[in-house]
Every structure is written in C-alpha cells, then in structure tokens.
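The values are calculated or read from the model by the stated rules, or taken from the named source; none is laboratory data. Nothing here was measured: the structure is a model prediction, and the numbers come from that model. Virtual Cβ from ideal backbone geometry, glycine too; neighbours counted across all protein chains shown.
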Amino acid sequence: MTLSAADAVAQLTALLGANAVIGEPGRMGPYLNEPRKRFHQQAAAIALPATVEQVQAIMRWATETGTGIIAQGGNTGLVGAQVPLRGDEVIVSLGKLDRIRSVDVAAGTMTAEAGVILENAHKTAEAEGTIFPLWLASQGSARIGGVLSSNAGGVNVLAYGNARELTMGVEAVLADGRLLSGLNSLKKDNTGYDLKDLLVGAEGTLGIITAATLKIFPKPEDYETTLVNIAGPEAALTLFQLLRERVGSRLNAFEIVPSIGLDMQLRHGMLDRDPSAGPSPWYALIEVSRMKGGAPGALMAAIEAAFTEGIIDNAVFAESLADRTRMWAFREQMSEVQSKDGASIKHDISVPIAAVPQLIAEGSAAAERLVPGIRPVPFGHMGDGNIHFNFSQPEGVDPKAFMAASDEKLHEAIYEIVLRLGGSVSAEHGIGQLKVDLLRQVKDPVALDMMRAIKTALDPKGILNPGKMLPE
C-alpha cells in the first residue's frame, strides 16, 4: 500500500532530520519545475541527504514501504526523468553530496560526488592544470550525478566522448540500499561485466550514482576558434572531412547553425554584436586545441585550404577571449532564443554523419508540407551527427494552436526520416517520461527484453524512477 504524503514526510524526517526533508508543496517548486515546463506533478516529499549513508537509509526505507524514488541532480534534464510521473514519489536531491574527493593528475582522474556542479568540476580540474572536457549550456546548474545518469554529450564529444566515455568508475546505491563501491581508476580491468556502463545513462532506474571517477586531460595551451560562412549542410560535411584530414584529433568541436539562429539572437538582444564575417545561409563554429609545444596556425591553414578548394567563402577567427566567448554564446543560446521567439517543437536526434544533409533537407521539406510557413531551426553537433532539429512556429500564429495542431504529426514525420537513415530518436537527452512510448515503437524487442530483465534483477520492486525509460 502506498504511503500518504504526510506519512512519507514523517518517516523521512525521523530518518534524516527535519532540515533534510521538504514536505510543504509551496517549497517544492525548484525541484518540480523542469526547464521545458512539460510535466506538472507533485512529489510526496523532497529528501536532501548529506551523506552516502543517508542515501542508503532512504533506499532501505523505500524498499520496506514500496515508495518510488527519483534521484535528482540540478533539475536540468529535458525529458522529465528527474521529476514525478505519478505524484506519489519521493525526490532524492543529491545537491549536498558536493565534494571533490580527489584529483590525481598523474592518473588523469578526478573523483567527484554526484552533487558537484559541472562548472565546479571544471574549475577544480583547471586549478590542477587539467580539464574535464564535458561542456554543456547548463553547466552552471547541472550536477555530476544527473550528467552521468543521462549520459550527457555536449560540444566536445567529437574529441573526448560523451559522459559514459569520460567515466572510469561509479559508486552507487542500489534499490535495496547496498552500496556498489566501483570507483575504479584502472584503464584495464577485465574482471567481468562493466557495471558502470549499466548505471551511466540509466536515468536513475537501476541505482543512484553517488560519486564517480572521471577522466581529466592536460589543459591545452590555447584554442583556435573560427566562425565560418557555409552554403549549407552539404558544404559543412565536406569541410568537416577536410578538417579531420588536416587537424585530426585536435578538432574539438564542429557545430552548425542556420542564419535564422543568428537573426533571432540579434533581434532579441542576446549578442552585443554580430560575431560572424557577414551574412550567410549557414555558419559552422569550429575549434581546435593546441597543446604545449604545438605549433599555432593549424586551423588557419586548414581554413585557407577550404577557401582554395571553394568549400567556403568567408570566415572570422577569434582574436581574443571575448571573441571566442561571443562565438560560443551564439551557439549555446540557440535553445534559449527559440523560447523568446514563440513556440517551438524540438527533436534531439542523431544520424550517421554522412546523412546529416539528407536529414535536414528531407525534414525541412516534410515540415513545410505539414505546416506551411514553419521555420526550421536545425543546429548542433555536425561532428558527431547529433542535430537538434527544432521548428519555430510560423510568424503570427498562436503558439498554443501551433503546438496543439503540429506537435504530434511533426514528431512522426521527423522520426520516420531519422529511423530510415539509421539514426536514433534520442541522441543525448535520454528517454525519461517524454519518450517512453516512442522507445517501445523503435527499440529492438530483444533489446527491450534484456533491459527489462536487468531492471527486474536490480530493482525487483520497481521503486527506482518508476515509469521512466522502460515502457510497461
């Protein structure tokens, strides 16, 4: 029998102390109001454990009472994995577990607790002359536990990989309260299943990550950054291939943005000035790192070759930190500016890199057929095939009417193209509660059966993030 909210609050207060439990609905807002405001359920309580032992105690209590538990980091997730689905769950916020336990420069590792804000992890690494290269637009509020649970990507996946590839080991509390002590820093360890890879990307459905051993890297001496005018995605693909040949693994980022993205940001005053070399249908933001002792000019030479081959016709290089910051602000503000410009329908998808131009061409045409006047705003990680294929409402159309009439049919059209091209319907945001039904439709049935078997083995009572990711 499910506990009442009052009983849950009373029992958690007895377990953790009054200062570690929020039971008043009026104080729960910061934990319930997710960024896209799509999900609107109350929680039975918010628990604020300060130690790993307290997280274990919460899970033993949850097992005894059958209470659903949602682990939450910075509440920046975009698919609703971190907020309630039913309304009777307890959110376990890990913000108090915010210590950097150790940094080992020689081994190239940093051990951080789940509540460490991503930006603070960056600062800690940089103080040691290193970097933790997972960069997100939400890094000022996203926390390590949520970043790993969602297997976040970001702009440096091309060079360093996503969250899973940056994780060497995890410590996690299981559904029954046992602690997996897996903070491994070994590069080679063939002693059975790689359990961290189950937990990273599991969205809190298999265990609560409380700490992780992360990879850190030598800090580059400098970066070379350019914003290039390109004719379109086909030219971007050609340019990307040229850069891979000429600068190889030093290519950190290759992002594409259409002109509408720059127009929107300038119109809404989000940039102090135009960072580009001039008007263009599309822009590519490219960055190359230079390590100590490396010769400067690698990116400049590659861009000059692209000019010679007729791939591009204009570019501007960052000549100062302010220039670089402005260029990256242009890219990172793309989601925010769409909210300022009315309603938008968003897709976090990926296809093989060579299929990106076809995806954008076919998707834009399909959207125009369905909604004449719709404004395609596809942007993102050309270098790894992850495009945020968003669509802003036609100008002058009522936002609510646009969403009601277009959301579902536009999703269907875009996902059909993505799957036909061999892509994924969720590239870096996850499944959460937003895409559970979609996962049932597109995932290999055998893979779903294996996922359910793992879930049943590790969480037999189904108390960890119930209803998320896996369809019933």
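In this structure, is GLN338 in contact with a Leu (Cβ under 9 Å, 6 or more places away or on another chain) and of a type outside the set (Lys, Arg)? No.
Within the range 401-427, the set of residues being farther than 24 Å from GLY385 by Cβ and either touching a Pro at 6+ places or on another chain (Cβ under 8 Å) or among the hydroxyl-bearing types (Ser, Thr, Tyr) (or both) comprises PHE402, SER406.
If you filter the range 299-313 down to residues that are out of contact with any helix residue (DSSP H, G or I) (no Cβ under 9 Å at 6 or more places or on another chain) and not in a loop (DSSP other than H, G, I, E, B), you find that the one that is nearest to PHE254 (Cα to Cα) is MET300. When restricted to residues that are in contact (Cβ under 8 Å) with a residue 60 or more places away in the chain and in a strand (DSSP E or B), the range 45-95 contains 8.
Per-residue answers, yes or no, for (1) buried (at least 21 other Cβ atoms within 10 Å of the Cβ); (2) modelled with pLDDT of 95 or more:
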{"site": "ALA121", "(1), (2)": "yes, yes"}
{"site": "GLU128", "(1), (2)": "no, yes"}
{"site": "ALA142", "(1), (2)": "yes, yes"}
{"site": "SER150", "(1), (2)": "yes, yes"}
{"site": "VAL157", "(1), (2)": "yes, no"}
{"site": "ALA163", "(1), (2)": "yes, yes"}
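Residue-level analysis places LYS443 outside the set of residues that are of a type in the set (Lys, Arg) and either buried (at least 19 other Cβ atoms within 10 Å of the Cβ) or at positive phi (or both). Scanning the range 1-44 for residues that are small (Gly, Ala, Ser), surrounded by 13 or more Cβ atoms within 10 Å (Cβ to Cβ) and not in a loop (DSSP other than H, G, I, E, B) gives ALA5, ALA8, ALA10, ALA20. Selection of the range 212-234 for residues being aliphatic (A, V, I, L, M), farther than 23 Å from GLU332 by Cβ and more than 24 Å from the chain's Cα centre (by Cα) yields only ALA231. Applying a threshold of 9 Å to beta carbon distances and a minimum spacing of six or more residues, or different chains, the list of pairs starting in the range 280-302 at a residue that is surrounded by fewer than 12 Cβ atoms within 10 Å (Cβ to Cβ) and ending at one that is β-branched (Val, Ile, Thr) and assigned to a strand (DSSP E or B) is empty. Across the range 113-148, the number of residues qualifying as β-branched (Val, Ile, Thr) and either free of Cβ contacts under 8 Å to residues at least 12 places away in the same chain or assigned to a loop (DSSP other than H, G, I, E, B) (or both) comes to 1.
Restricting ASN156, ASN229, ASN151 to residues that are touching a residue at least 12 places away in the same chain (Cβ under 8 Å) and at positive phi narrows the list to ASN151.
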